[in-house]
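Visitor: One structure follows; several queries about it will come next.
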Amino acid sequence: MKPTTNQPSKNVGKKAKIVQNEVTNDLLTSLDSFFDKKLKLFFYISLALTTLFAAMLFEVRVSLTGDDAMYIIRASDFIHEFKYPDFQGPLYPIVLSPFVLIFGINVLMLKLVSFVFILLQTTFFYFAFKKKVPASLLVISMILSSLNAYLLYFASQTYNEAFFMVLQSLFFLFFFKYYIVENEGESATNLGIKTDIKQALIIGLLLVLMGLTRSIGYVALAAVILYFIFDKKWIRLAYSIGSFSIFYFLFQGLKSLLWNDADVQFKNQANSLLLKNYYNAAQGNEDFAGYLMRIVDNSQLYISKHLYMMFGLRPDLAIQPNITTLTIITYAIFIVAIVLVFKQNRFLFFTGIYLVAMMGATFLVLQKTWDQGRFIVTYLPLIILFLFSAFYYLSKLKNFKMLQFLPYLLAVILLFSSFARTSERSKITRDILSKNLNGNMLYGFTPDWTHYLQMSKWAAENIPDSLGVACRKPSISFIYGEGREFIGIFRMLTTDLNTALIKVKNTDAQVLAVNMRELEEKKVPAAIVSALRIMTHSFVTGSKKDANGNDIEYYLYGVYRVPWESVQGIVSILDEYGVFYSLNAEVFDYIKTTVKNGETVEFSAISPDDLLNDLKVKKVKYVIMASLRKNPNVKDGMTINTVDRYLYFIQLKYPSAFRIVNQIGDNEDEPAQLIEVLYSN
C-alpha cells in the first residue's frame, strides 16, 4: 500500500533523518544556532567593549590635521552668526551648534557627543543586520569593530565620521526593512501606494542627510539605483530617485532662501578634487588616465595599507610600502563574496553594492597625497561583515566544507591583532589623557606642535584682533588660541606657464629668464643680483619627487622684465660668469626643455607680488612660521613648508619685507616664529 501524504514512508523518514544529521553536523549551522540564541548577549558585550575601549582611547586634544577643529569653528559661526557651514558637509556643524551654544568651545563636551554617536552606531548596526545575516557573521563584525582602535578613535574626535556612521546604519536598517526580502517568492512590506510613498520618503531623507554630512554620502543613491536595477523593481527605483530629489531640492531652496546661496554643496570640493595636484592648481585638471591611476594608487593605499593596519596585521606607521599582492587578494575575496551572496543573501548583496559604490567613488576622487584612513573607516564594520561572508558561504559549498573552521580562525587572529593594537594605543592615550585632564593641555604633542600652539596662544594674547594673523593650521590655532580668528595659508598661489607667458609678454620690457641656482653658485656680483630682484616678474619652479613625494631635484628660474637700456649691461655680466639665461620671448617653453635627460617635470609660475597682495587683501599683518613635521612621528627635517615657501618667494624680491617679532623654541628644536609683514618695505 502506498503511503499517503500524512503517512511518510520509512525511506522518506530515513532521508529526513539524514538531512537533519547533516544540518546538526554542519559546524557553521551549529555555531549560527548558538550565536542566534545568544545574539542579544553578544550585542550587549560588543556595546560594553565599545564603551570600555572608546573610553580607554579617549583624547581631549584636537587632531593634527585640523579638519575636526574646522567643524567646531563652523558650528560656532552657524550658531552665533548664522553663517552657512559650507565646503565640508554642512549637517554635522549644524548638529554640533546647539552644544556650542550651551557649552561654548568646550572641546571635551563636543567630543563626548561623538562618543554617544559611536554607541548609537553600534546599536543601529545590530538592529539593521539582526536576523538578516548569519548570526556568526554579525557577531564577528560587532566584536571586531568594538575592539578596533582606528574606528574607536572617532569616538573622541569632532570629525563627522561617527555621526555619518549613525546615519549609515539607520539607512541600512530602514532599507532592509522596506525593500529587501530574505527568500525568493516573498514580497517586501507593501501596504499600498501611501505606504510605498512613506517608505520612499524615509529612504530619500536618509540619503540626503548622509550627503549633507559627507559629500560622498550622495553616492549611496547610486547603490540604491544599482540594487533596484538588479532586482528589477522599477517603481521602487522611481520612488527612491523622486524622494531623494524632493528632499535635495527642498534643502537647496531653503539654503538659497536663508543664505542666498544656490551653489550645490560639493561645488567647491569638486573643483579642488578635479585638480591633478590639490596644492598646485597650475598643474591643471586631472585627465581620464589620471583618474584610473587614482583608483589604482588609492586601492593600494587604502586596502593594502590602511585596511590591514586597521586589522592590526600591518605596523602602525604613517609611511610604509604598499603591497600589491595584498590588494589583489582582497579584491579577489570581495569578488567571491559578491558572486556567492547574489542568490544566497540579498542583504549582504546590497551591502556589497554599497561598498563598491562608496569606496569606488572615494578612490576615484581622493588625492593620493591625502592618505588618511578616516576616508574608509566608516565602512569598516561593513567591510568585515562582507569579507567574512566570502569565507562563510564558500565553506558552505559541498566541496569546501572542510574550510568551515576558516572564518572563525581568521576572526580569532583579527581579534588578537586588533586587541593588541588597541591595548598598545590605549597605554599611550591613557597617560596623555591623565595629564590633559589635570590641566597640561599641550602634553603629548611633539616639540614642533608644542611651539606652534604656544605661539598661537601668544599671538591671541598679544596681537590685537584688528590685525590679521596667518598660519598653516588656523583651525587648530583657533582652539588653542582661545577662540581668536586666524587666517589660513593652505597652498601656494601658482599660475600655469601658458597664463604666465601671456602676462609677461604684455610688458614694454625685455623678458629675461635666469637659472637662480647659478646666480649664487657662480658668485654673480651683488649689484647685478639686486638689480634683477627689483625687475622680478615671477619665479618658475619645478621638482622631481621620489616615491614618498619628497623633492629629489629642484629647479628655480627667475623671470625678469628688464628695461631695454639695461639689457646689454646685465647680459654681458651673465655671459662673463657663465650663467644660463634666455631672452627668448617663449621663455617658459624654453625653460621646460632645459630639464636634464629629458625627464618630465611639472613647472608652475609664482608671482611674489600676487603673494604679497593676497596677504594685503586678507589684512594679514603677522604670520606664524612653524616647523611642523611632514611625518608626525619622525624628526627628520622634512616639514610642512607651505608658509615658509610663501614668505620665501616674497622675500626673494623684497628682502626687507619681514621682521621676526617672537620665537618660541631653539633653532635646533623645531621653533615657531611670529613674523611681521612690513608692507612699507
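The values are calculated or read from the model by the stated rules, or taken from the named source; none is laboratory data. As the structure is a prediction and not an experimental result, all values here were calculated from the model. Methodologically, a virtual Cβ is constructed for each residue, glycine included, from the backbone with ideal geometry; neighbour enumeration extends over all protein chains shown.
Visitor: May I ask you to verify whether Ile384 is within 26 Å of the chain's Cα centre (by Cα), among the β-branched types (Val, Ile, Thr) and not assigned by TED's automatic domain parsing to the domain that holds Ile624?
Guide: Answer is yes for this residue.
Visitor: Now, a different point. Being buried (at least 22 other Cβ atoms within 10 Å of the Cβ), under 23 Å from the mean Cα position of the chain (by Cα), among the aliphatic types (A, V, I, L, M) and in a helix (DSSP H, G or I) is the requirement here; does Ile140 meet it?
Guide: No.
Visitor: Answer with yes or no whether Asn436 is without any contact (Cβ under 8 Å) to a residue 12 or more places away in the chain, closer than 30 Å to Lys111 by Cα and outside the structural domain of Asn322 (by TED's automatic domain parsing).
Guide: no
Visitor: Considering only helices (runs of 4 or more DSSP H) fully contained in region 463-545, which possess at least 3 residues that are farther than 23 Å from Lys619 by Cα?
Guide: 497-505, 516-521, 526-534
Visitor: Sticking with this structure for a sec: Within region 261-307, work out how many residues are modelled with pLDDT of 85 or more and part of a loop (DSSP other than H, G, I, E, B).
Guide: So the count comes out to 0.
Visitor: In this structure, is Val100 of a type in the set (A, V, I, L, M, F, W, C), closer than 30 Å to Val139 by Cα and in a helix (DSSP H, G or I)?
Guide: So Val100 does not fit the description; no.
Visitor: Follow-up. Contact list please: Cβ distance under 9 Å, first residue in region 638-649 and assigned by TED's automatic domain parsing to the domain that holds Ala470, second residue assigned to a helix (DSSP H, G or I), pairs at least six apart or on different chains.
Guide: Pairs that qualify, where the first residue is assigned by TED's automatic domain parsing to the domain that holds Ala470 and the partner is assigned to a helix (DSSP H, G or I), are Thr639/Asp448; Asn641/Tyr648; Tyr646/Leu611; Tyr646/Asp614; Tyr646/Leu615; Leu647/Leu611; Phe649/Pro608; Phe649/Leu611.
Visitor: Right, something else. What helices (runs of 4 or more DSSP H) completely inside region 328-426 contain at least 1 residues that are farther than 24 Å from Tyr126 by Cβ and of a type in the set (S, T, N, Q)?
Guide: 346-365, 380-396
Visitor: I need the full set of residues from region 458-487 which are within 26 Å of Lys111 (Cβ to Cβ), surrounded by fewer than 16 Cβ atoms within 10 Å (Cβ to Cβ) and touching a residue at least 40 places away in the same chain (Cβ under 8 Å), in order please.
Guide: Gly483, the sole residue that qualifies.
Visitor: Another question, if that's okay. In region 380-432, what count of residues is obtained for those that are among the aromatic types (Phe, Trp, Tyr) and surrounded by fewer than 22 Cβ atoms within 10 Å (Cβ to Cβ)?
Guide: 5
Visitor: Looking only at region 356-381, which residues are among the aromatic types (Phe, Trp, Tyr) and in contact with a His (Cβ under 9 Å, 6 or more places away or on another chain)?
Guide: Once the filter is applied, which keeps residues that are among the aromatic types (Phe, Trp, Tyr) and in contact with a His (Cβ under 9 Å, 6 or more places away or on another chain), region 356-381 yields only Phe375.
Visitor: Also, I was wondering about something else. Out of region 439-454, which residues are hydrophobic (A, V, I, L, M, F, W, C), part of a loop (DSSP other than H, G, I, E, B) and in contact (Cβ under 8 Å) with a residue 40 or more places away in the chain?
Guide: Scanning region 439-454 gives Met441, Phe445.
Visitor: Then there is this: Would a scan of region 86-93 turn up a residue that is crowded, with 18+ Cβ neighbours inside 10 Å, part of a helix (DSSP H, G or I), in the same structural domain as Ser156 (by TED's automatic domain parsing) and at pLDDT below 90?
Guide: No, every residue in region 86-93 fails to be crowded, with 18+ Cβ neighbours inside 10 Å, part of a helix (DSSP H, G or I), in the same structural domain as Ser156 (by TED's automatic domain parsing) and at pLDDT below 90.
Visitor: Something else now. Only one of these is over 29 Å from Asp261 (Cβ atoms), part of a helix (DSSP H, G or I), in contact (Cβ under 8 Å) with a residue 40 or more places away in the chain and within 24 Å of the chain's Cα centre (by Cα): Phe117, Phe58, Phe125. Name it.
Guide: Phe125
Visitor: Then there's this: Checking the conditions here, which among Pro671, Pro632 is farther than 18 Å from Ile487 by Cα and in contact with a Gly (Cβ under 7 Å, 6 or more places away or on another chain)?
Guide: Every option except Pro671 fails the conditions.
Visitor: crowded, with 18+ Cβ neighbours inside 10 Å and touching a residue at least 24 places away in the same chain (Cβ under 8 Å): which single residue out of Ile73, Ile79, Ile105, Ile45 fits that description?
Guide: Only one candidate passes the filter, namely Ile73.
Visitor: Also, I was wondering about something else. Taking the condition farther than 20 Å from Ala420 by Cβ and at pLDDT 90 or above, does Ile45 pass?
Guide: No: the conditions fail for Ile45.
Visitor: Within region 296-328, take every residue that is surrounded by 17 or more Cβ atoms within 10 Å (Cβ to Cβ) and of a type in the set (A, V, I, L, M, F, W, C) and give me the one that is nearest to Ser417 (Cα to Cα).
Guide: Checking each candidate, the answer is Phe311.
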